[in-house]
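Trainee: Before I ask anything, let me first share the structure, which is written out below as structure tokens.
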């Protein structure tokens, strides 16, 4: 037995110590003094009736404890978990939180999801107004009016989504329901993505999945013009 | 070149050794036709393992053929064993080992997942059950029982070590020295245990008194539980 | 070194002992008793081994300590047992810099080490722009039977420096891009001629323009412009929201931290003073100073301080409070150089508030948006809007695409302004 400086084993549990002491005591008595042992065993023998029964009871106890040890041995196995340095530390991509917000299942709830839907719509609305104001070089009010009228984009879904107050378009068009039915997107997600695409078109930001990949340059260009 | 995530598969050498030792125990304790059935089953297992290994190297057709043949081999082994066992006790005795070795292999084959300690325990536990049954049916000599018990412990230790190494270091890491030393040490302890018991049994004659025997058994029971690792 | 912890992995042999022994007694099979004794021997084996106490030394070699962006760097790590006992079971996991990914081989290794013996393993990482410090290697040591486990961390502070020198920092002020130093306007005793004015009583005789007096008879005093260094505070935006990046890329904070180190060097090289602050999980403040040693101090702080940690924090105190604390430390004439990916409106608001308090602010913004559809495209558009808002407020904004060296972005931005 080792005296290891571990919190768990530095001080052995009382139960273990008692068990160990009892074991040593019985062994010592068995070796040194045959008399008392013989007396005890004979008393037990009269109690159990036969040698076999006495031994079998001891064996049964051992068997049961052994099976218990077998069953619990897996829970007891512990080992250190070293870090995983292979991959770069994982952080969310910029804008991922918006995607999560739009894909949130709570957006599907008819009444209670209103707040969630409104948050998505509000963020898109703000960006759309700003984008239109910049691209048309007009006042914020004019841009807001154009967004409300839906004349800022050719995309019907996006135009309708930002034109109405939240939940006015709850009766999603067929395409939206189709997207939902095939299990790809919630209506909010579908409309948000269409709207982002529409805003990106107006802003001149090429989306990577549309192939152009020159987004930053164009965006910077528009900014230079703005200054 | 893309990022290389750690592949947490049980270490190959220790895992293979565990399965081989467990198979050895099963073979030694089997008798007659049972032994033949076991041999066919083990060949089938080897076929499945090879099939999966080849799968990883993207030769899918060959791997499927091999794994399929291995599976058929396993089935043939079990059926042959069931049909031609010399008696019910022989069948009952070898059945746990016959099921346990594939379970152990499934826990350690580095194909998918990080292995399973539960399956290692069940697999080796089944093999050890065969050892106990062999003792119960008196179908093996005490020396064989002694060796089989020690070998079961070695198989379990190697299997657990394979999984632990896989979890902490993954299978791409070089670990053979460590595995060799670990399993070597366990093997030495096993040999020492077997040798010690064997020597004691040869030297010690005469039967102890019943009272002394009972007291010793109780004392050992208490001590072992107190010292549990 | 952590305390040794028991693995309990040998507990299963207890079952071997007790079940075999129990069956032997119940079924009267003495042969099985010897099986039980085998179990007892293994129980004893599990108890007699003592936990290892590893004393190890780490040595990391890079085939290229200053690689270019995208280069592959081979890392050779050597671990030596400097203790006096054999370590039977060492499991080493090297501390690859959090922003870098392993592209070949594995940073993990398992081995046995005799006293004085060493083991070496190697793997390849892909370099990304920035200064990347290796983290300590984690070593799990077990005794030969595996009953005890000890975890140790060993480090040698290796750094992969994937940055290039920057000629000057994008600051605010009239003269500074050309000369690279700020000349304060309050005239006094300096070295650079500023103007002459009529002599007033009390002016030092040494500053009277005697040539002019000789030719015209007017008594005038020469005023020199005092060459006064500007204090620039680098402010790294290390709030949780700045820890953003497309999959597999270093996040904006790691770019900002690397850029701050380069800019600090450029600022002191141009004889200005540089200080360091952060918006992040912990307050950070380094009093402005100048000279190469001070630039090293800034870089040290960037590498050590918890606020610039490579892993994202769970949360951070409100940025408004941090800005207030920073404002309180500023002196008149200080300017801020904020390094932020501009991924939320709060940082824009904060910058504008500093501007309103008459603290000139420049912003260097690493672009980590990828416009990859949906919210990711929205993030880019919103970031463009923030740039515009800041520029409209008079803030100087430098947009930095980390695929290009920082020096190029800074030079371009200066060229555009002149």
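Trainee: Which of the residues spanning the stretch B:139-163 are more than 17 Å from the chain's Cα centre (by Cα) and either within 7 Å of another protein chain (Cβ to nearest Cβ) or within 18 Å of residue C:10 (Cα to Cα) (or both)?
Mentor: Within the stretch B:139-163, just B:142 meets the criteria.
Trainee: Given the criterion modelled with pLDDT under 95 and away from chain B (no Cβ under 13 Å), identify the matching residue among C:107, C:136.
Mentor: Of the residues listed, the single one that is modelled with pLDDT under 95 and away from chain B (no Cβ under 13 Å) is C:136.
Trainee: With the checklist (1) in contact with a helix residue (DSSP H, G or I) (Cβ under 6 Å, 6 or more places away or on another chain); (2) farther than 17 Å from residue C:392 by Cα in hand, flag the one item residue C:327 doesn't pass.
Mentor: Unmet condition: (1).
Trainee: Further question on the same structure: Restricting attention to the stretch B:148-167, which residues are over 16 Å from residue B:120 (Cβ atoms) and without any contact (Cβ under 8 Å) to a residue 60 or more places away in the chain?
Mentor: Listed by number, the residues that qualify are B:149, B:150.
Trainee: Just give me the residues in the stretch B:161-207 being under 21 Å from residue C:36 (Cβ atoms), at pLDDT 90 or above and crowded, with 17+ Cβ neighbours inside 10 Å, in sequence order.
Mentor: B:186, B:187, B:189, B:190, B:193, B:194
Trainee: Check whether at least one residue in the stretch B:90-97 is within 9 Å of another protein chain (Cβ to nearest Cβ), in a helix (DSSP H, G or I) and either buried (at least 22 other Cβ atoms within 10 Å of the Cβ) or in contact with a strand residue (DSSP E or B) (Cβ under 6 Å, 6 or more places away or on another chain) (or both), and report yes or no.
Mentor: no
Trainee: Let me ask something else about it. Against the condition at pLDDT 75 or above, away from chain C (no Cβ under 14 Å) and either more than 54 Å from the chain's Cα centre (by Cα) or surrounded by fewer than 16 Cβ atoms within 10 Å (Cβ to Cβ) (or both), how does residue A:33 come out, does it pass?
Mentor: no
Trainee: Does the stretch C:22-31 contain any residue that is under 24 Å from residue C:83 (Cβ atoms), in contact with a helix residue (DSSP H, G or I) (Cβ under 6 Å, 6 or more places away or on another chain), buried (at least 22 other Cβ atoms within 10 Å of the Cβ) and touching a residue at least 12 places away in the same chain (Cβ under 8 Å)?
Mentor: No.
Trainee: List every residue pair whose Cβ atoms lie under 8 Å apart, where the two residues are 6 or more positions apart in sequence or sit on different chains, the first residue falls within the stretch A:195-209 and is in a loop (DSSP other than H, G, I, E, B), and the second residue, located anywhere, is modelled with pLDDT under 75 and buried (at least 21 other Cβ atoms within 10 Å of the Cβ).
Mentor: Close Cβ pairs satisfying both conditions: A:204/A:219; A:205/A:215; A:205/A:219; A:206/A:215; A:207/A:215.
So that you can scan it fast, the table gives a plain yes or no per residue for (1) within 30 Å of residue C:368 (Cα to Cα); (2) more than 9 Å from every other protein chain (Cβ to nearest Cβ):
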site: C:80; (1), (2): no, yes
site: C:85; (1), (2): no, yes
site: C:90; (1), (2): no, no
site: C:96; (1), (2): yes, no
site: C:99; (1), (2): yes, no
site: C:125; (1), (2): yes, yes
site: C:150; (1), (2): no, no
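Trainee: When the residues of the stretch C:389-413 are filtered to those that are farther than 17 Å from residue C:251 by Cα and either surrounded by fewer than 18 Cβ atoms within 10 Å (Cβ to Cβ) or not assigned by TED's automatic domain parsing to the domain that holds residue C:354 (or both), which remaining residue is nearest to the chain's Cα centre (by Cα)?
Mentor: If we take residues in the stretch C:389-413 being farther than 17 Å from residue C:251 by Cα and either surrounded by fewer than 18 Cβ atoms within 10 Å (Cβ to Cβ) or not assigned by TED's automatic domain parsing to the domain that holds residue C:354 (or both), then C:407 is nearest to the chain's Cα centre (by Cα).
Trainee: When the residues of the stretch A:69-108 are narrowed to those that are within 8 Å of chain C (Cβ to nearest Cβ), over 20 Å from the mean Cα position of the chain (by Cα) and part of a helix (DSSP H, G or I), which ends up surrounded by the most Cβ atoms within 10 Å (Cβ to Cβ)?
Mentor: A:73
Trainee: Please go through (1) assigned to a loop (DSSP other than H, G, I, E, B); (2) away from chain B (no Cβ under 11 Å); (3) surrounded by 20 or more Cβ atoms within 10 Å (Cβ to Cβ) for residue C:144 and return the number of the only condition it doesn't satisfy.
Mentor: (2) is the only condition that residue C:144 fails.
Trainee: Would you tally the residues in the stretch C:350-373 being at positive phi and either surrounded by 22 or more Cβ atoms within 10 Å (Cβ to Cβ) or more than 7 Å from chain A (Cβ to nearest Cβ) (or both)? Give the steps one after another, and end with the answer.
Mentor: Here is the first cut: in the stretch C:350-373, the ones at positive phi are C:358, C:371, C:373.
Still in the running and either surrounded by 22 or more Cβ atoms within 10 Å (Cβ to Cβ) or more than 7 Å from chain A (Cβ to nearest Cβ) (or both): C:358, C:371.
Of the residues in that region, 2 qualify.
Trainee: Right, something else. Looking at C:258, C:295, C:245, can you tell me which residue is touching a helix residue (DSSP H, G or I) at 6+ places or on another chain (Cβ under 7 Å), touching a residue at least 40 places away in the same chain (Cβ under 8 Å), buried (at least 18 other Cβ atoms within 10 Å of the Cβ) and not in a strand (DSSP E or B)?
Mentor: Exactly one residue qualifies, and that residue is C:245.
Trainee: Next up: So is residue A:134 within 12 Å of another protein chain (Cβ to nearest Cβ) and closer than 30 Å to residue B:162 by Cβ or not?
Mentor: Answer is no for this residue.
The values are calculated or read from the model by the stated rules, or taken from the named source; none is laboratory data. Only a predicted model underlies this, so the values are computations on that prediction, with no experimental measurement involved. All Cβ positions, even for glycine, are placed from backbone atoms using ideal geometry, and neighbour counts span all protein chains on display.
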